[in-house]
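These notes concern the structure reproduced below.
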Amino acid sequence: MPGGGAVASLIVAIVVAAVTSRRLHDLSWTGWLQLVPIIPFFIALLIASPIGAGDKPDAVLLGLMIPRDFFSQDFSRLLLQGAFVFWAIFQLWLLFTPGANGPNAYGEGT
């Protein structure tokens, strides 16, 4: 089945988002906080791809002229790995942080 991996990844991403949101609610925080560790992924992708490079000698990124050789595969890999480590630390922190005691804005405590 073509595209089966993409469908499975989407299903897993939805489940992870739901569970993370529930865990954040258990800590008395909004579920939108789970987007914070995802921001470095988008920044890494933005920086790692030479936007507007085309046939120009330099890439224009956020109005700055950056040399084309700045965007090497090693640098891109390092940025994405760093973003993943940041996300993994956030998930581990959620795992080991005790929940809030008693009721909160998101429901009754258990």
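The values are calculated or read from the model by the stated rules, or taken from the named source; none is laboratory data. In this text the structure is predicted, and so the values were computed from the model without any measurement. Here the Cβ is made from the backbone with ideal geometry for all residues, glycine too, and neighbour counts use every protein chain on show.
For residue 44, which of the numbered conditions (1) within 15 Å of the chain's Cα centre (by Cα); (2) at pLDDT 75 or above; (3) surrounded by 14 or more Cβ atoms within 10 Å (Cβ to Cβ); (4) not β-branched (Val, Ile, Thr) fails to hold?
Failing condition for residue 44: (2).
Taking segment 1-43 on its own, how many of its residues are within 19 Å of residue 100 (Cβ to Cβ) and in a loop (DSSP other than H, G, I, E, B)?
Here the count works out to 4.
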